[in-house]
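This report concerns only the one structure given below.
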Amino acid sequence: MKVVDNIAALRAAREHMGGSVGLVPTMGALHAGHIALVKQARAENEHVVASIFVNPSQFAQNEDLSKYPRDIPRDLAMLEAAGVDVVFTPTPDLIYPPNYQTWIEVETVSQGLEGDRRPGHFRGVATVVAKLFNLVQPQRAYFGQKDAQQVAVIKRMVRDLNFPLAIRVYPTVREADGLAMSSRNVYLSAEQRTAASVIRRALVSASKAYEAGERTAEDIRVVISEVIASEAVAELDYVSIVDAETLNVVEAITERPLLVSLVVKMGSTRLLDNMLLPAHLNTLEGLTQTLGGG
């Protein structure tokens, strides 16, 4: 496995790759969810490139960039064991050199949900991902379901800017109790970590209501809210039911796929999770067809 920290070395490594290339962008602090993306990329491509870059431009003003967990040696060992060919580890100054002025705004799908609560976040995401696509020139790029709005933003950017690649969306990888794996889980106290399993229970309850015939978005939101309220240390930030493709808010549910998203606060930590309805869409192919594509 090659580790490169500059653009010339990355492009030189890319020139020697014959066949298809899969890209797995990360911010490090890797867990089993990231490795699942790498393994999927390994299965579908001749070569795999991963990036580790804590992107400062996607942190909102109220978020502490300095506290984001970092462990590059551990991350590199995990990526090598999973079969990555090249890891790109740029610095912020390399990605955003002095007098940097070019940003990508994906308008409609960046609004609502996390876009409202983290101003500028998706501008930072879209810009850095576009730069990675340009540098690596992959045939496929791999993202996790947990960041579903991020996937929708990237999908729209890929379509609008005619990037010649496919977006693959891997199902959320979970702990044994159902909590979505996340780099932010390390911030949870023991009590918060135990309580956090309520998030998955709330989503499962919503799915059961949907399968039982519930077609009113407000009633499904009530189901989720009541489950979250059963845990004293859990505070519901928001629950949203939107069209899975457009991310438009839905009230009267039709047969179109839905994205049910929620954020729960455990102290100062925000935990994000989601699922598609109907539930059978929460597979690699179902998620890719609904949220990804290209």
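Tabulated data
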{"item": "Test for Thr194: is it hydroxyl-bearing (Ser, Thr, Tyr) and more than 30 Å from Asn162 (Cα to Cα)", "result": "yes"}
{"item": "Matching residues in segment 224-256 - criterion: being surrounded by fewer than 18 Cβ atoms within 10 Å (Cβ to Cβ) and part of a helix (DSSP H, G or I)", "result": "Ser225, Glu226, Ala229"}
{"item": "Flag if Asp85 is surrounded by 13 or more Cβ atoms within 10 Å (Cβ to Cβ), within 13 Å of Gly28 (Cα to Cα) and not aliphatic (A, V, I, L, M)", "result": "no"}
{"item": "The one condition in (1) under 22 Å from Gln289 (Cα atoms); (2) among the aromatic types (Phe, Trp, Tyr); (3) touching a Pro at 6+ places or on another chain (Cβ under 8 Å) that Phe133 fails to fulfil", "result": "(3)"}
{"item": "Residues of segment 128-149 that turn out to be polar (S, T, N, Q), more than 20 Å from Ala43 (Cβ to Cβ) and surrounded by 22 or more Cβ atoms within 10 Å (Cβ to Cβ), as a count", "result": "1"}
{"item": "Residue in segment 35-50 that is surrounded by 21 or more Cβ atoms within 10 Å (Cβ to Cβ), closer than 25 Å to Gly178 by Cβ and not β-branched (Val, Ile, Thr) present", "result": "yes"}
{"item": "Options Val54, Val84, Val48, Val109; residue that is outside the structural domain of Leu259 (by TED's automatic domain parsing), closer than 24 Å to Pro171 by Cα, of a type in the set (A, V, I, L, M) and part of a helix (DSSP H, G or I)", "result": "Val109"}
{"item": "Only listed residue being buried (at least 20 other Cβ atoms within 10 Å of the Cβ) and assigned by TED's automatic domain parsing to the domain that holds Asp160, chosen from Pro97, Pro90", "result": "Pro90"}
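The values are calculated or read from the model by the stated rules, or taken from the named source; none is laboratory data. Predicted model only: the values in this text are computed from it and were never measured. When we count neighbours, we look across all protein chains shown, and the Cβ atoms used for this are built from the backbone with ideal geometry, even at glycine.
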